Amino acid sequence: MDRFESFQKATFSLGDYLIFIAALLSSMVIGMFYAWRGVSNSTSDNLIGRKTIGIFPIAMSLTASSISASALLGIPTDVYLTGSMYWWIIVAAGLSIPVSVYVYLPFYHQLQLDGSIHQYLEMRFSCSIRQLISILYIFKTIFYLAVMVYGPSLALKQVTGLQENVSISIMFAVCIFYTAIGGIKAVVWTATFQLCMMYGSIIIVLVKGVMLVGGLENVFLLNANSSRIEFFNFDFDPTTRHTVWSLSIGGFFLFTSMYATDQVFVQRCLALPTLHKARISQCINFLLLAGIISLCCLTGLVTYAFYFDCAPLKAEIVKNSNEIFPLFAIQTIRKFPGLPGIFATGIFSGVTSILSSNLHAVSLVVLEDLIRPSFPTMRDSKASLVNKMTVIIFGCVTFGVAIYFSKFQISLDSSLSFLGAMAGIILGVFSLGMFVPWSNSTGAGFGAIISFAIMMLLGISTQIAKTNNLITNDQMKLLITDNCPSFNSTDVVSPSVNFFIQKTDAFVLLRISYLWYTVLSVVIVLIIGTIGSILSEPQDPAKLNPKLLYRVNHNRLLNKAALQPSDETAGATVIRRQRNGILLWEIPRRLSPIIEVNLPDT
């Protein structure tokens, strides 16, 4: 059966290699161009690009940083194995963006946070809280990047013939080079180019696949017959992996933690000169993100239609679920010179966009949160050199961790659980400072540490249970092997599907969907942080700078503040603030005169 013919061999022609090498060189040339123009000689250029980057490149960069190559490969496989419920994640992204651009971003703009957003935590709590969250962020980023490169390197091996370690080495070398020398402008413009390649790779595979299976009508008919067309699973059980609630609510918290408190995304929005442009950029980002997720989901349906009578995973034609989509791509485009090269370039672009943006963000966090506080008089030229060296050092550290992790089959769900838990801790601490006026550094510290301990214990225990096969998947759809070469039975034992949080009689928290991890960590931080603050010495809101707490009608206050004369008296400023900006903890007193709250008016 020719669908599986010569899959294990490299299918690259000379033209494919030329396309792949051209993509590598393009990323490096962009970095060299901005280094040659001298845009990375100051920390302002390196960190925020002097606020001269356009709306569309920032939007493209946000999208490229939102979807990794692992997602590019994993989403089609997820839909192929479990159905179309994943489409609901677009709703989660759509709900999170208004919260990010109308609640958190105006808050940062008012505080003029041009470098690390973690400096807010020092202003609101203390330097130790700022450094604690910075260390957690660095730890999260290194682990995430190390895990995210394995699946794409395996796909590149199937397409190009390069061994996993060679692929990982090339990706890290290129990323470290152009990120270190080019600064944020190189990262943004390279991500713009890389997103175009990601779109191109998924589109050519999708179009060719639809043609081979007889059109979209046949695709949806075959998937409907296997119960893969599913959009309305309203199961309230939190252990069910993908439901409307887990994808929309859990996904909302995950995307909010990204767009509202992750240095990678906030830094790009702050690199724009105005808040209005940042909002436009986020809207474009949503459209681009919804487009590529939809293409990936549709490709998953096409993949099933192509293999509906011979499931390669169940027939052991592939040994790992990460190989399903690369197999489909190779079988559909291998006879067309140049297309395998474009597909491999799309995978490579998905990895490098994530690597470069996160390495740049980590270097900024290290410089601004861990080094500058000890050397406040550091010159810009020296800070720029430190920033570049930090990119190189942490790039090499992440590379070493990635090579080590490549020896283990860490599931995609496990890595997303870890990412969601860590991102939730950071979101929880920021929200604690913005929305709980009596919270203090003691409560914030205890909330972050206890949440980290609980979520790590939960994640490690879940991984151990999965490794010992104590958990099985209950959302897997039927896989048929009737027409496979040498197979005429559906009773073949399938290899392990290595990226699903699954469900059996194990302890309920071990079976909880990975999408709820962010919600859990945020809730733990807010509860422990609030209780810890009350039990220690609660912060007196009257002694806080009002700018450090979120206010209702925040945007109108900002607009009116821009029209105020510079010599306006302090008393008049206070009166206007009380009329236009209401602190959240003042709302009960404003709504009902019978509620007596002993809180100051200022």
Exactly one of these conditions fails for residue 245: (1) aromatic (Phe, Trp, Tyr); (2) within 23 Å of residue 80 (Cα to Cα); (3) touching a helix residue (DSSP H, G or I) at 6+ places or on another chain (Cβ under 7 Å). Give me its number. (3)
For the condition open to solvent by 40 Å² or more (accessible area, probe 1.4 Å), touching a helix residue (DSSP H, G or I) at 6+ places or on another chain (Cβ under 7 Å), among the basic types (Lys, Arg) and farther than 30 Å from residue 455 by Cβ, what is the one hit in 382, 388? 388
Taking residue 335, is it without any contact (Cβ under 8 Å) to a residue 24 or more places away in the chain and either within 25 Å of residue 20 (Cα to Cα) or out of contact with any strand residue (DSSP E or B) (no Cβ under 6 Å at 6 or more places or on another chain) (or both)? yes
For residue 110, state whether it is open to solvent by 10 Å² or more (accessible area, probe 1.4 Å), closer than 13 Å to residue 261 by Cα and in contact with a helix residue (DSSP H, G or I) (Cβ under 7 Å, 6 or more places away or on another chain). no
Of (1) modelled with pLDDT of 90 or more; (2) more than 18 Å from residue 289 (Cα to Cα); (3) surrounded by 22 or more Cβ atoms within 10 Å (Cβ to Cβ), residue 79 fails just (2)
Which of the following residues is at pLDDT 85 or above, under 30 Å from residue 332 (Cβ atoms) and of a type outside the set (Asp, Glu): 127, 175? 175
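Got at least one residue in the stretch 449-462 being small (Gly, Ala, Ser) and under 29 Å from residue 176 (Cβ atoms)?
The first filter runs over the stretch 449-462 and keeps only residues small (Gly, Ala, Ser), leaving 451, 453, 459, 461.
So of that shortlist, the ones also under 29 Å from residue 176 (Cβ atoms) come out as 459.
Yes, the stretch 449-462 contains a residue that is small (Gly, Ala, Ser) and under 29 Å from residue 176 (Cβ atoms).
Could you identify the single residue in 174, 187 that is in a helix (DSSP H, G or I) and touching a His at 6+ places or on another chain (Cβ under 9 Å)? Before you say what the answer is, go through the steps one by one.
Numbers: 174 fails: touching a His at 6+ places or on another chain (Cβ under 9 Å).
Going through 174, 187 in turn, just one is in a helix (DSSP H, G or I) and touching a His at 6+ places or on another chain (Cβ under 9 Å): 187.
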What do you reckon, is residue 277 open to solvent by 10 Å² or more (accessible area, probe 1.4 Å), outside any helix (DSSP H, G or I) and basic (Lys, Arg)? no
Given (1) farther than 27 Å from residue 284 by Cα; (2) in contact (Cβ under 8 Å) with a residue 24 or more places away in the chain, index of the condition residue 157 fails: (2)
All but one of (1) without any contact (Cβ under 8 Å) to a residue 24 or more places away in the chain; (2) open to solvent by less than 70 Å² (accessible area, probe 1.4 Å); (3) not hydrophobic (A, V, I, L, M, F, W, C) hold for residue 360; state the number of the condition that does not hold. (1)
Matching residues in the stretch 304-354 - criterion: being among the hydrophobic types (A, V, I, L, M, F, W, C), closer than 21 Å to residue 79 by Cα, part of a helix (DSSP H, G or I) and open to solvent by 10 Å² or more (accessible area, probe 1.4 Å): 306
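Results for (1) open to solvent by less than 20 Å² (accessible area, probe 1.4 Å); (2) more than 30 Å from residue 510 (Cα to Cα), shown as yes or no for each residue.
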| site | (1), (2) |
| --- | --- |
| 172 | yes, yes |
| 201 | yes, yes |
| 217 | no, yes |
| 235 | no, no |
| 249 | no, no |
| 254 | no, no |
Does residue 173 satisfy being free of Cβ contacts under 8 Å to residues at least 60 places away in the same chain and farther than 15 Å from residue 426 by Cβ? yes
Sort through 38, 15 and tell me the only one that's at pLDDT below 85 and assigned to a helix (DSSP H, G or I). 15
Of the residues that sit in the stretch 139-167 and are of a type in the set (Val, Ile, Thr) and closer than 23 Å to residue 413 by Cβ, which one is nearest to the chain's Cα centre (by Cα)? 141
Output yes when any residue across the stretch 259-272 is open to solvent by less than 40 Å² (accessible area, probe 1.4 Å), touching a helix residue (DSSP H, G or I) at 6+ places or on another chain (Cβ under 9 Å), of a type in the set (D, E, K, R) and more than 24 Å from residue 519 (Cβ to Cβ), and no when none is. yes
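Residues are listed down the side, and each one gets a yes or a no for (1) outside any helix (DSSP H, G or I); (2) open to solvent by 50 Å² or more (accessible area, probe 1.4 Å); (3) more than 22 Å from residue 77 (Cβ to Cβ); (4) at pLDDT below 85:
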site	(1), (2), (3), (4)
492	yes, no, no, yes
500	yes, no, no, yes
519	no, no, yes, no
526	no, yes, yes, no
531	no, yes, yes, no
547	no, yes, yes, no
List pairs: first in the stretch 277-300 and closer than 26 Å to residue 210 by Cα and among the β-branched types (Val, Ile, Thr), second in a helix (DSSP H, G or I) and open to solvent by 40 Å² or more (accessible area, probe 1.4 Å), Cβ under 7 Å, 6+ apart or cross-chain? 292/199
On the basis of being modelled with pLDDT of 90 or more, surrounded by fewer than 22 Cβ atoms within 10 Å (Cβ to Cβ) and not aromatic (Phe, Trp, Tyr), does residue 67 make the cut? no
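The values are calculated or read from the model by the stated rules, or taken from the named source; none is laboratory data. These figures come from a predicted structure and were not determined experimentally. Ideal geometry is used to build each Cβ from the backbone, glycine not excepted, and the neighbour counts take in all protein chains shown. The area values use the complete protein model at the heavy-atom level, side chains included, leaving out ligands, DNA and RNA. Shrake-Rupley method; radii C 1.70, N 1.55, O 1.52, S 1.80 Å.
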